[in-house]
């Protein structure tokens, strides 16, 4: 596992959210984060082949963060391990801490963290690969890197110190270094829909004080863009790196999630129907949706859905057992799209 991957992970896990009023429908819980980082599981990652510039999008929301034009390298796999299962590290960190690598013998400069139900802390960084020596860092005190759920609209300041110890191949101490207190801020300052790597999900946009932007979903996928030390967090930037990370369940190269490219309202099925039918519609972005049914006089007789809905394919059922046979009309209305179709109830 490369040192570069460590950097990406550290950027990711240095984020936080607190519950508040507002767009809380987009949030990430500890259990959802476990789909990537739980001990005994694995996750996949792929590097973006950088174009000259990419558009980070805007703060606030809802926004569409469109990275569908970025090409990616072939997926690689990292495995998550309990520290207690790795010789030479087991006595140096809490046994319930987790780190990762391609194998227990190839842990190289990777974070050591503890993921709990309401928080995530980093206790250090570890290596077992001597090239030419091993390095272990301890965070003092343990760095609180997230409070769950992660929700749009909050910032988090984090301060911690590091003690680095380098070892020879026989694990005798080569040198020890102290890093002064480092303080940075993390801001969950955007939300909306991300399109990346053939996938499309609701996401939070996280501004990280370590010069990165993190797009975090509640579906086991995250995307990191390095932005250098300029900390420009909106609009067009020349990225230093890009990395897509996702749970093993999502990451088959041939297992892509269909990404609706436009709004659409499908014909209900079955039609005619008695007494229930299903209506499908597609959204290319998160938006407010109203799905209503009207009679032949233009009177609204039912509201099947009224609220905020994420990008993707959706379906709503209508049970018309209390309505008379006849011709009805159903309408899908959003801020940018309106469509009406006819359905027939035949009892």
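The values are calculated or read from the model by the stated rules, or taken from the named source; none is laboratory data. These figures come from a predicted structure and were not determined experimentally. Please note: Cβ atoms are built from the backbone with ideal geometry, for glycine as well, and neighbour counts cover all protein chains shown.
Just one of (1) over 24 Å from residue 47 (Cα atoms); (2) crowded, with 16+ Cβ neighbours inside 10 Å fails for residue 81. It is (1). Restricting segment 297-329 to residues that are part of a strand (DSSP E or B) and in contact (Cβ under 8 Å) with a residue 60 or more places away in the chain leaves a set whose member that is surrounded by the fewest Cβ atoms within 10 Å (Cβ to Cβ) is 308.
One residue stands out among those in segment 136-178 that are in contact (Cβ under 8 Å) with a residue 40 or more places away in the chain and more than 28 Å from the chain's Cα centre (by Cα): the one that is nearest to residue 119 (Cα to Cα), which is 136.
Taking residue 283 as the residue in question, decide whether it is buried (at least 18 other Cβ atoms within 10 Å of the Cβ) and either touching a helix residue (DSSP H, G or I) at 6+ places or on another chain (Cβ under 8 Å) or modelled with pLDDT of 95 or more (or both). Spelling it out, it is not the case that residue 283 is buried (at least 18 other Cβ atoms within 10 Å of the Cβ) and either touching a helix residue (DSSP H, G or I) at 6+ places or on another chain (Cβ under 8 Å) or modelled with pLDDT of 95 or more (or both).
Counting only strands (runs of 3 or more DSSP E) that fall entirely inside segment 61-132 and contain at least 2 residues that are under 22 Å from residue 203 (Cα atoms) and under 19 Å from the mean Cα position of the chain (by Cα), the qualifying elements are 119-126. Among the residues examined, residue 44 does not qualify as more than 24 Å from residue 189 (Cβ to Cβ), modelled with pLDDT under 85 and either crowded, with 17+ Cβ neighbours inside 10 Å or out of contact with any helix residue (DSSP H, G or I) (no Cβ under 6 Å at 6 or more places or on another chain) (or both).
Is it the case, given these coordinates, that residue 291 is in a strand (DSSP E or B) and either surrounded by 14 or more Cβ atoms within 10 Å (Cβ to Cβ) or within 20 Å of the chain's Cα centre (by Cα) (or both)? Yes.
Could you tell me whether any residue of segment 248-258 is at pLDDT below 90, loosely packed, with under 14 Cβ neighbours inside 10 Å and more than 30 Å from residue 79 (Cβ to Cβ)? No, segment 248-258 contains no residue that is at pLDDT below 90, loosely packed, with under 14 Cβ neighbours inside 10 Å and more than 30 Å from residue 79 (Cβ to Cβ). Does residue 332 satisfy the condition of being more than 30 Å from residue 61 (Cβ to Cβ) and either more than 26 Å from the chain's Cα centre (by Cα) or not in a strand (DSSP E or B) (or both)? So residue 332 fails the test.
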